[in-house]
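Quick notes on the structure that follows.
The values are calculated or read from the model by the stated rules, or taken from the named source; none is laboratory data. Predicted model, so just to flag it, every value in this text is computed and none were measured. All Cβ positions, glycine included, derive from the backbone under ideal geometry; neighbour counts span all protein chains shown. Just so you know, the surface numbers come from the protein's heavy atoms only, side chains and all, with ligands and any DNA or RNA stripped out. Shrake-Rupley method; radii C 1.70, N 1.55, O 1.52, S 1.80 Å.
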Amino acid sequence: MYQTTYHRASSVDEAASLFSKSSEAKFLAGGQTLLPVMKQRLASPSDVIDLAKIKDMIGVEASGDTLTIKAATPHYDVATSDAAKKAIPALAYLASLIGDPAVRYRGTIGGSLANNDPAADYPAATLALGATVKTNKRSIAADDFFKDLFTTALEDGEIITAVSFPVPQKAGYAKMPHPASRFALTGVFVAQTKSGEIRVAATGASQSGVMRVPAIEAALKANWSPSAIDSVNISASGLLSDIHGSSDYRANLVKVMAQRAVAAAG
Amino acid sequence: MGVEGIGARVVRKEDKRFITGKGRYVDDIKLQGMTHAHFIRSPHAHAKVKKIDSSAALKMPGVVAVLTGQQIVDDKVGNLICGWAITSKDGSPMKMGAWPAMAPETVRFVGQAVAVVIADSKNLARDAAEAVVVDYEELPAVADVHAAIKAGAPQLHPEAPGNQVYDWVIGDEGATDAAFAKAANVVKLDVTNNRLAPNAMEPRAAIADYDAADEHFTLYTTSQNPHVARLVLSAFYNIAPEHKLRVIAPDVGGGFGSKIFIYPEEMVALWASKKVGRPVKWTGDRTEAFLTDAHGRDHVTHAEMAFDASNKITGLKVKTYANFGAYMSLFSSSVPTYLYATLLSGQYNIPTIHAEVIGVYTNTTPVDAYRGAGRPEASYLIERLMETAARQLKVDPAELRRTNFITQFPHQTPVIMAYDTGDFNASLDAAMKAIDYAGFAARKAKAKGDGKLRGIGVSCYIEACGIAPSKAVGSLGAGVGLWESAEVRVNPVGTIEILTGSHSHGQGHETTFCQLVADRLGVPISQVSIVHGDTDKVQFGMGTYGSRSAAVGLTAILKAMEKMESKAKKIAAHALEASEADIVIENGEFKVTGTDKAIAFPMVALAAYTAHNLPEGMEPGLKESAFYDPTNFTFPAGAYICELEVDPGTGKTSFVNFVAADDFGRLINPMIVEGQVHGGLAQGIGQALLEHAIYDANGQPVTASFMDYSMPRADDLPSFNLSHTTTLCPGNPLGIKGCGEAGAIGASAAVINAITDAIGKNNLEMPATPDRVWRTIHAA
């Protein structure tokens, strides 16, 4: 690791102010990606601004038809939150599958979304549930948030403060874990909103990061059942291919995981 | 046996310090004035080192020196050696290229060191390393054995034309061809034994400390065999004569074979310590471990097995290409030859065997012994062949094995090994009963109803352990004898120190070796301590690998104990005014049999040291030593059966049950044996399902971190169902066979046999990743 200056911010405003004063600052929101990269000397921020201790940024709240997870809430808290389990059990379940226990105690939803790893779990739920990403500057709809691999709509220095998930009619998540990293080799989140919209998002599969799967959404709109997906054809074109999963295997997984997610959603 | 004697499930003495963070590993040691080394490693698989410019680095703060491969060659530090000479079938010796500790001219694998920065701290050394400019001229590289032996392939070493190290044969080719000519059935199989990265929890580390006044070196290192390290560093690398070199291997966090070898880093640390006049420390990181710890396995094999009309095996032909990587590591040459092909008879009566092994250089990390070393490759091949044969001949796989089991002992195989004892039917019976083999068909049918493909797979392994009779291995080309030494030091107060040439890096010697003493003297194990891992304390020793520490090391301790007890009995008899022949040892006392006359062991010890009243002519003191050289290998064997389900939608394997019925001879501590089997099975299952050290066609490693290299984790594994059947080893007085490698040797074939049974297709390579299994299920 190269030398860096660590700051523990006590408020969002302080964090933003620290960022603006630094030359090459990075926010630390759990550090499950940033710290390993820094240890390998692949990143060398001048300043590291820790968001994970900001009290206002931790917590899970259900209110009416919305579940709000504040950005510095660790995955473990979401997985075990009564509010999350009651409002959107599929989301709590997804959190319980992230990485391993050490990752779940440190990693946060804000960190995961801001990093937008193409195989991270939370982007699938955020996109499929049509969540709203709240920052210190604005609110961004999930459909507008994820841009490309490790790229989001966030501007330089913009801080995610919370994510608001509309409580769906039904939702389910199914994940084939990467055998080494435990990211999603492919994970699919399916949701039927209270207004009847069907949204399906897959992570770990596409070369461009998390994606909606319109063919499966259409099949499920016609018939909300795992068998409705049997005849859907998912193209391997544009999907990731590596030593752990070829693109046609991932195409298969998009289908199979979607079927299992629908079965789990009921 | 007593509560702490042989056979007792004694809790491990060493675990208190390991679990509470009080272990003392090499990296925990800090010496006055210590410097830190950071190696500059090649990013290329094959390149010429044109120029190294360290001028900028030398001006950086805290930098003590930048040393290069050319300097280490100029200083006449020896090239790395391979300690087992193999002769090709044409009578020529194996062909080896030179391996300097740092490359002066040519790098041949990614991670090979070309220079080292010595600085006041680890971070300063690393900073300076980034300022060293190495000018490489890239050369074409080759990583795959078949590509490496093709005409026109990139050549690694001028000494080894065609990248071939040797072409070695064993067995009777004519008799084997004749058997195949008469065969009723021939079964053919191609298998790849995937390359593995050992990944001990503690990375390798070394601290070298040169004392200029005494011209004496001390090396702290992560070694499984510190005496062998000293011998090699002294005799071959010109570091220092043995009496001027002390090697200490303190607590070592796992080895699995990878810490047998003497690596470039400790050679460089020793050399550099003298050059800079300060202690030099190097602690590898995980990336360096992936790039430079000797890898394991990596065979490509074609095999054929001949059967007569009654399904008896009549012959076996094997041709194996072994990938050695870029250089011949210390014992690499023996692994695919004498540790592999000599076990190709498995548990079976095979009248004639012929095997050919071609050793090949590639631009990859060197390959050497890794848990099992050759024997997993042999066992996997034979057990995949037996399963394939059962499917082809349409007989029950367990029954085909029984038809061919060796049942008479001793049994001379056609490939050197003479099995001393065993009961292969007993192990198979135990495993089949434990898994309810008879009820499998019903379970499979039920699973089908749930949409799952259920399979069962048998693996009946045998291995040669207790390595090894010195005369035998010497005749086969080994450069060392493989005996073990021990010393029993009784202190005047009756406590006991056992000095052993074995080395514990997780095996539990500090407990099991004390149990032998407790068993013989009836003293609590708290009165006994084990001393190992320091060449200044223990006279000599060959270390720990090849499941040898109990069968060889503990037997040496027994021999020393017998000598000590004999003297103690004389002292006791003298004190009790009785005949030596009437003295018996019970519960820590020396008693006159049939009387109530007794003297406590500490009083005997005290008498030996006060020497006020010893038998006429007896020397004072109570200390004895012994060297023990085994007369044969030992032959642990067993039957593993795996039952699992495959999800046809994803190709993912889930275990239903895994039973292991092992015959290890006598068990010293069954709890520790079970732990060894659990760990071995995890590694065997890891090889079958998860682990694979992969290179791309240009020799770039693809799996050099835990983000890509799939190490098995607890939730990848089933709960194991273990049992033991026992035939005592006749080769040593304790009847021990060894248990350290069995799981890694037997498990892989059971898993692949079960998956291929589940999916109804026989050809499936390891690791059986979900993608690979799914593809195989759905292949036309």
Quiz item: Applying 1/(1 + (r/R0)^6) with R0 = 35 Å to the Cβ-Cβ distance of A:Q169 and A:D144, what FRET efficiency is obtained, to the nearest 0.05?
Solution: 0.90
Practice problem: Kindly provide the helix-only [θ] at 222 nm of chain A, computed as the sum of -39,500 (n - 2.57) over DSSP H runs of four or more divided by all residues, to the nearest 500 deg cm²/dmol? | Solution: -9000 deg cm²/dmol
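Calculate the mean, over all residues of peptide A:240-247, of how many other protein chain Cβ atoms lie within 10 angstrom of the residue's Cβ.
Averaged over the peptide's residues, the number is 4.
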Self-check item: Given charges at Cβ of Lys, Arg, Asp, Glu: region B:40-171 dipole, positive-most of B:H146, B:W168, B:G69
Solution: B:W168
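Mind checking the full-extension length gain between B:S723 and B:Q412? Use 0.36 nm per residue of separation minus the Cα-Cα distance, one decimal, nm.
109.2 nm
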Practice problem: Quick one: what are the phi-derived ³J(HN,Hα) couplings along region B:749-759, Karplus 6.51/-1.76/1.60 with θ = phi - 60°, whole Hz, x for glycine and proline? | Solution: 5, 4, 5, 5, 4, 6, 5, 5, 5, 4, 8
Quiz item: For chain B, what proportion of DSSP beta bridges, expressed in % and rounded to the nearest 5, is antiparallel?
Solution: 80 percent
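Give the calculated FRET efficiency between B:D582 and B:D28 to the nearest 0.05, with a Förster radius of 45 Å applied to their Cβ-Cβ distance.
Efficiency for this residue pair is about 0.30.
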Quiz item: At a 1.4 Å probe, what is the % contribution of carbon and sulfur to the accessible area of region A:55-166?
Solution: 48 percent
Quiz item: Hey, any idea what % of region A:170-265's accessible area is carbon plus sulfur with a 1.4 Å probe?
Solution: 50 percent
Quiz item: Got a sec to turn the phi values of region B:140-153 into Karplus ³J(HN,Hα) couplings, 6.51 cos²θ - 1.76 cosθ + 1.60 with θ = phi - 60°, whole Hz, x for Gly and Pro?
Solution: x, 10, 9, 10, 9, 4, 5, 5, 5, 8, 5, 4, x, 5
Quiz item: Along the charge dipole of region A:55-166, Cβ charges K/R +1 and D/E -1, which of A:Y122, A:V60, A:F146 sits furthest on the positive end?
Solution: A:V60
Self-check item: Leading residue at positive end of dipole, chain B (Cβ point charges), from B:N425, B:G257, B:L233
Solution: B:N425
Practice problem: Take the alpha carbon gyration tensor of region B:23-92, find the square roots of its eigenvalues, order them as a ≥ b ≥ c, and report rounded if a/c is under 1.5; if not, report prolate when a/b exceeds b/c, else oblate. | Solution: oblate
Quiz item: Separation between the A:D230 and B:V133 pseudo-spin-labels, each 7 Å from Cα along Cα→Cβ, expressed in nm?
Solution: 6.7 nm
Quiz item: Karplus couplings for region B:369-381 from phi (6.51 cos²θ - 1.76 cosθ + 1.60, θ = phi - 60°), rounded to Hz, Gly and Pro as x?
Solution: 5, 9, 2, x, 6, x, 6, x, 5, 5, 5, 4, 4
Quiz item: Summing +1 for each Lys or Arg and -1 for each Asp or Glu, what net charge is found among the other residues whose Cβ lies under 13 Å from the Cβ of B:G422?
Solution: -4
Practice problem: Name the long-range amide H neighbours of B:I86: under 5 Å, sequence gap of 5 or more, or other chain; modelled H, no Pro or chain starts. | Solution: B:M94
Quiz prompt | Counting DSSP beta bridges with both ends in the protein assembly as shown, the antiparallel % (nearest 5) | solution = 80 percent
Exercise. Within region A:18-47, list the trypsin sites (Lys or Arg not before Pro) lying in a DSSP loop whose Cβ has at most 14 other Cβ atoms in a 10 Å radius.
Key: A:R41
Quiz item: Under a plain spin-label model, where a point goes 7 Å from the Cα along Cα-to-Cβ, how far apart in nm are B:K244 and B:I19?
Solution: 4.7 nm
Quiz item: Which residue, A:G209, A:G245, A:G187, has the most motion in a Gaussian network model of chain A that connects Cα atoms within less than 10 Å?
Solution: A:G245
Quiz item: Using modelled amide H (1.01 Å from N, peptide plane; none on Pro or chain starts), what sits under 5 Å from the amide H of A:F27, excluding residues fewer than 5 places away?
Solution: A:I49
Quiz item: Could you give the length gained on full extension between B:D396 and B:K50, defined as 0.36 nm per residue of separation minus the Cα-Cα distance, in nm?
Solution: 118.4 nm
Practice problem: Treat every Asp and Glu Cβ in chain B as -1 and every Lys and Arg Cβ as +1, leave all other atoms uncharged, and give the resulting dipole magnitude about the Cα centre to the nearest 20 debye. | Solution: 800 debye
Quiz item: Between region A:68-144 and region B:202-236, what is the C-alpha centre distance in whole Å?
Solution: 51 Å
Practice problem: Just tell me how shielded A:180-190 is by partners: mean number of partner chain Cβ atoms within 10 Å of each residue's Cβ, no decimals. | Solution: 2
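I'd like to check one number: the per residue accessible area of region B:344-476, probe 1.4 Å, reported in Å² as a whole number.
On a per-residue basis, 31 Å².
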Quiz item: Mind checking how much accessible area B and A bury in total, 1.4 Å probe, in Å² rounded to 100?
Solution: 1900 Å²
Quiz prompt | Around B:P226: net Lys/Arg minus Asp/Glu count, Cβ-Cβ under 13 Å | solution = -1
Quiz item: Accessible area, 1.4 Å probe, largest first: how do B:F307, B:F706 sort?
Solution: B:F706, B:F307
Quiz item: For B:E765 and A:Y105, what does the FRET efficiency come to when R0 = 41 Å and r is the distance between their Cβ atoms, rounded to the nearest 0.05?
Solution: 0.65
Practice problem: First obtain the Kirkwood hydrodynamic radius of region A:170-265 from its Cα pairs, then insert it into the Stokes-Einstein equation at 20 °C and 1.002 mPa s, and state the resulting D in µm² per second as a whole number. | Solution: 164 µm²/s
Quiz item: What is the sum of charges around B:F633, taking Lys and Arg as +1, Asp and Glu as -1, for the other residues whose C-beta is under 12 Å from the C-beta of B:F633?
Solution: +1
Quiz item: Let a ≥ b ≥ c be the square roots of the eigenvalues of the Cα gyration tensor of region B:636-778; is it rounded (a/c under 1.5), or, if not, prolate (a/b larger than b/c) or oblate?
Solution: prolate
Quiz item: Quick one: how many Å² of A:I198 are accessible to a 1.4 Å probe, rounded to 10?
Solution: 20 Å²
Quiz item: So, with +1 on the Cβ of K and R and -1 on the Cβ of D and E, and no other charges, what is the size of the charge dipole of the protein assembly as shown about its Cα centre, to the nearest 20 debye?
Solution: 1620 debye
Quiz item: Among B:497-503, B:332-338, B:528-534, what's the highest-first ranking by average C-beta atoms within 10 angstrom per residue?
Solution: B:332-338, B:497-503, B:528-534
Quiz item: Under a point spin-label approximation (7 Å from Cα along Cα-to-Cβ), what is the B:V493-B:N311 distance to one decimal in nm?
Solution: 6.6 nm
Practice problem: Report the relative contact order of region A:170-265, percent, no decimals, based on alpha-carbon pairs under 8 angstrom and at least 6 residues apart. | Solution: 33 percent
Quiz item: Classify chain B: rounded, prolate or oblate, from the alpha-carbon gyration tensor (a ≥ b ≥ c, eigenvalue square roots; a/c under 1.5 rounded; otherwise prolate if a/b is larger than b/c)?
Solution: oblate
Quiz item: In region B:319-444, what % of DSSP beta bridges are antiparallel (nearest 5)?
Solution: 35 percent
Self-check item: Per-bin percent of Cα-Cα distances, the protein assembly as shown [10 Å]
Solution: 2, 10, 17, 20, 20, 16, 10, 4, 1, 0, 0
